[in-house]
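S.K.: Once you've had a glance at the structure underneath, I'll fire off some questions.
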Amino acid sequence: MNQPAPYAAREVDPLVEDFAARRPAGLETAYGLWSRLFVSIAHHALGDRARAEDCVHDALLRVWRAPNRFEGNRAMLKAYLAASVRNEALAILRSQGRRDARELRAARLVPETSVDPPVVDPVEAERLRAALARLPEEQRIALELAYYGNKTHVQISEQLGAPLGTVKSRIAMAIRKLHAELAVSGEARA
Amino acid sequence: MSEHLGDDAELYPLGLLDDDVAREVERHIAGCELCAERVSAGRTVAASLASALPAVEPSTALHVRLREAVRPGTRAARPPASWNAWGFALAAVFALAFLALGWKALALRGQLAADDLALVTVVHSHFNHVSMTPQSANPVAAKILYARDGSWLYVIADKPGGTLRALAHTAEGPVDLGVLATSGRTAGLLVRPAARVESLVLERAGITVASATLVYGAATTSVPNRK
């Protein structure tokens, strides 16, 4: 048998290499793999498909044209681009002052209540739900309000009646615990 | 770096920090590998959180826009210089007129100059046409004339209401065909694509206002080649 090494097992991932070198093939492949994730992230924050696609367009091009070259593996690239899209969407919300209205809508879209519509990645979502369920309740609620509710930590502090520093610590702890739980198989699925 | 980041390393990937604090985090992780790894871990968790969001499928238009944006040196396929584009466009307009008025209007042929008649003959004997499906709250009425062999297409819109851009899916992937040229109350674009166009959308200000799927071969919508 003279088969090539599995794609993920190669020392240099051509996707990451192409993206870091700003070759169009890098963005093309990344888009093919994760465009649904990116548009879903932006749509969740902005609530409008056209604005979501504009957001993804601008965010990806901003990263693509940034002077800093990306370094990392495929999972890190996916996470980096996803975070860039979310930050772009949140910046749009802030600049247009629509955050409060969107929060009310978005807060109803936490994973526990969104089992009916198709989700971005059902397998990953199931792993996530299990990991979230193992978090202490106060950490899980703070994190869900932050991510799915698009709330700032100040707003979460006011809503929960907890000190700002406590809210920040709960969210940070939740992130660390989730990373520990999800890290094992996360890269393999990227 | 004298100190490592506190909780901000985990809050930053979620977009929870004010701009000035976020900039401080970015400056710090540029020189601190440990904190950069924490931020990267936070981004990975954030991407996992996104996996449970309701799925929204991206449109073809987004793919086309991005693809073209990172290939600034490439332009949409255009008719070769040897083509008499204006003459061809004129012929396409004549063909549209025939479609609208019925074949009886061919009596007008006697009134046309010989060159124009030749162009019209070439056009109406080899193309199909399709009305585009209006999209959005403020759609545009448009039609596409296209060669049965996929070698050219002509998009024409009535009352474009702004700049219209044609985006297509071809056998080789998405293509930005370009902007329709406005003339009076209509806008048109003649294209000779490198690959056969399978579907086409018109966008105005980033919003899809019309779409169509192109069917090749001797479709029933083709102009009859009568004597």
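The values are calculated or read from the model by the stated rules, or taken from the named source; none is laboratory data. Since the model is a prediction, treat every value here as computed from it, not as a measurement. Ideal geometry is used to build each Cβ from the backbone, glycine not excepted, and the neighbour counts take in all protein chains shown.
S.K.: Of all helices (runs of 4 or more DSSP H) completely enclosed by the stretch A:105-190, which ones contain at least 3 residues that are at pLDDT below 90 and either loosely packed, with under 13 Cβ neighbours inside 10 Å or at positive phi (or both)?
M.R.: Numbers: elements: A:122-133, A:137-147, A:153-160, A:164-189.
In the stretch A:105-190, the matching helices (runs of 4 or more DSSP H) lie at A:164-189.
S.K.: Kindly establish whether B:Glu3 is over 39 Å from the mean Cα position of the chain (by Cα), assigned to a loop (DSSP other than H, G, I, E, B) and either surrounded by fewer than 23 Cβ atoms within 10 Å (Cβ to Cβ) or not aliphatic (A, V, I, L, M) (or both). I'd like the intermediate steps shown before the answer.
M.R.: On the way: over 39 Å from the mean Cα position of the chain (by Cα): yes; assigned to a loop (DSSP other than H, G, I, E, B): yes; either surrounded by fewer than 23 Cβ atoms within 10 Å (Cβ to Cβ) or not aliphatic (A, V, I, L, M) (or both): yes.
So B:Glu3 fits the description; yes.
S.K.: Would you point out the residue of the stretch B:179-207, among those that are part of a loop (DSSP other than H, G, I, E, B) and exposed (fewer than 14 other Cβ atoms within 10 Å of the Cβ), that is farthest from the other protein chains (Cβ to nearest Cβ)?
M.R.: Here is the first cut: in the stretch B:179-207, the residues part of a loop (DSSP other than H, G, I, E, B) are B:180, B:184-185, B:192-196, B:205-206.
Filter once more, so that each one left must be exposed (fewer than 14 other Cβ atoms within 10 Å of the Cβ): B:184-185, B:194, B:205.
Numbers: B:Gly184: 29, B:Arg185: 26, B:Ala194: 16, B:Ala205: 9 Å.
Among those residues, the one meeting the criterion is B:Gly184.
S.K.: Further, regarding this structure: Residues that are more than 9 Å from every other protein chain (Cβ to nearest Cβ) and over 14 Å from the mean Cα position of the chain (by Cα): does the stretch A:82-91 have at least one?
M.R.: no
S.K.: Mind listing whichever residues of the stretch B:38-61 are at pLDDT below 90 and not hydroxyl-bearing (Ser, Thr, Tyr)?
M.R.: B:Ala61
Yes/no per residue for (1) under 23 Å from A:Trp34 (Cβ atoms); (2) in contact with a Phe, Trp or Tyr (Cβ under 7 Å, 6 or more places away or on another chain); (3) more than 10 Å from chain B (Cβ to nearest Cβ):
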{"residue": "A:Arg129", "(1), (2), (3)": "yes, no, no"}
{"residue": "A:Gln139", "(1), (2), (3)": "no, no, yes"}
{"residue": "A:Thr152", "(1), (2), (3)": "no, no, no"}
{"residue": "A:Ser157", "(1), (2), (3)": "no, no, yes"}
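S.K.: To continue, here is another question. Would you be able to tell me the number of residues in the stretch B:13-24 that are buried (at least 20 other Cβ atoms within 10 Å of the Cβ) and more than 9 Å from chain A (Cβ to nearest Cβ)?
M.R.: 0
S.K.: Is there any pair linking a residue in the stretch A:18-38 that is within 11 Å of chain B (Cβ to nearest Cβ) and without any contact (Cβ under 8 Å) to a residue 12 or more places away in the chain to one that is among the aromatic types (Phe, Trp, Tyr) and buried (at least 20 other Cβ atoms within 10 Å of the Cβ), with Cβ under 6 Å and at least six apart or on different chains, and which?
M.R.: These pairs meet every condition: A:Gly26/A:Phe19.
S.K.: Right, here's the next one. Can you confirm whether the stretch B:66-82 contains a residue that is acidic (Asp, Glu) and modelled with pLDDT under 85?
M.R.: Yes - at least one qualifying residue is present in the stretch B:66-82.
S.K.: So for the stretch B:41-52 (the condition being under 18 Å from A:Pro122 (Cβ atoms), within 7 Å of chain A (Cβ to nearest Cβ) and touching an Asp or Glu at 6+ places or on another chain (Cβ under 7 Å)), does at least one residue qualify?
M.R.: yes
S.K.: Among the numbered conditions (1) more than 26 Å from A:Lys151 (Cα to Cα); (2) more than 10 Å from every other protein chain (Cβ to nearest Cβ); (3) among the acidic types (Asp, Glu), tell me where A:Asp48 comes up short.
M.R.: Answer for A:Asp48: the failing condition is (1).
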